[in-house]
Amino acid sequence: MKIVITGGKHEADYIVNILKKEHHHLIVINQDIEFAKYISSNNHIDVFPGDPTKAYTLSDAEAHNADVLLALSDDDTDNYITCITAKKLFHVKRTVAKVKNPKKVELFKRLGIDSVISSTYLLAQTILNESSVENIIKTLSIEDEKIVMLEIGVEEEFAIVNKRLMDIKFPSNINISCIFRDPHVIIPKGDTRIKADDKLIIISTPNDQDEIIEYIQKRK
């Protein structure tokens, strides 16, 4: 498959490394010149140094008719522009955008992005466990609007801090799939305690996401 990977830093490097092993045709674009050099040397692959929101960059990188484009910038707007440009002008079949703000998941979907996720790390873990990009997209897709994936950072003042999951009365239709506690990934159990600076990866339904965000962010 022809896969375009734009933006990102260590997560982009990780994804490139995994997909390269699957012998896909990879086109890597990164605006950070120094990190573009790092990805290139670390993976023995050419990286185009440029702004993927610009049509001429995608053109120079020969992104036309790619099967998938992954937009991994830390700027949600840049990811949206990259995906829409890729779809409208370069006929990329599917676009996947990373978003930092979980409330933008549904908005970006309505605006034409095929798949929207709120954690690139979750994307990387999924790639690690899937045998093909087709399965990756199917796994992450929320096009049927049955589920959403949320990434919520835990602050010291949150009421859930230092509580065990079994002692927290979460709203219905919520599943904390994993916790990122740098540098570790934790698969939570009932006795797992939530700590400040954790990142919670939550799977829920679109109708419940606002209630869940409000509950998680409730102050002491």
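The values are calculated or read from the model by the stated rules, or taken from the named source; none is laboratory data. The model shown is predicted, which means the values in this text are computed figures rather than measured ones. A quick note on method: Cβ atoms are made from the backbone with ideal geometry, for glycine too, and the neighbour counts reach across all protein chains shown. Each accessible area value is taken on the protein alone, full model and side chains, heavy atoms only, with ligands, DNA and RNA left out. Shrake-Rupley method; radii C 1.70, N 1.55, O 1.52, S 1.80 Å.
What to note about this one:
- Asn17 falls short on exactly one of the conditions (1) modelled with pLDDT under 90; (2) within 19 Å of the chain's Cα centre (by Cα); (3) open to solvent by 70 Å² or more (accessible area, probe 1.4 Å), and that condition is (3).
- The residue pairs whose first member lies in the range 11-26 and is of a type in the set (Lys, Arg), whose second member is part of a helix (DSSP H, G or I), and whose beta carbons are closer than 7 Å, counting only pairs six or more residues apart or on different chains, are Lys20/Asn43.
- Selection from the range 73-111 of residues that are assigned to a helix (DSSP H, G or I), open to solvent by less than 30 Å² (accessible area, probe 1.4 Å) and touching a residue at least 40 places away in the same chain (Cβ under 8 Å): Asn79, Thr82, Ala86, Val105, Glu106
- The range 109-120, residues that are of a type outside the set (Lys, Arg) and farther than 17 Å from Gly8 by Cβ: Leu111, Gly112, Asp114
- Leu58, sole failed condition from (1) under 18 Å from the mean Cα position of the chain (by Cα); (2) farther than 26 Å from Asp210 by Cβ; (3) part of a helix (DSSP H, G or I): (1)
- Each residue in the range 181-212 was checked for being assigned to a loop (DSSP other than H, G, I, E, B), of a type in the set (A, V, I, L, M) and open to solvent by 20 Å² or more (accessible area, probe 1.4 Å), and 2 of them qualify.
- Failed item in (1) at pLDDT below 90; (2) open to solvent by 80 Å² or more (accessible area, probe 1.4 Å), with Arg219 passing the rest: (1)
- Qualifying positions in the range 170-220 - polar (S, T, N, Q) and within 16 Å of Lys103 (Cβ to Cβ): Ser204, Thr205, Asn207, Gln209, Gln217
- Among residues of the range 29-45, those that are open to solvent by less than 80 Å² (accessible area, probe 1.4 Å), assigned to a helix (DSSP H, G or I) and in contact with a Pro (Cβ under 7 Å, 6 or more places away or on another chain), counted: 1
- For the range 102-124, residues that are in contact with an Asp or Glu (Cβ under 6 Å, 6 or more places away or on another chain) and modelled with pLDDT of 75 or more total 1.
- Residue match in the range 166-177 (condition: of a type in the set (A, V, I, L, M, F, W, C), assigned to a strand (DSSP E or B) and either more than 14 Å from the chain's Cα centre (by Cα) or at pLDDT below 85 (or both)): yes
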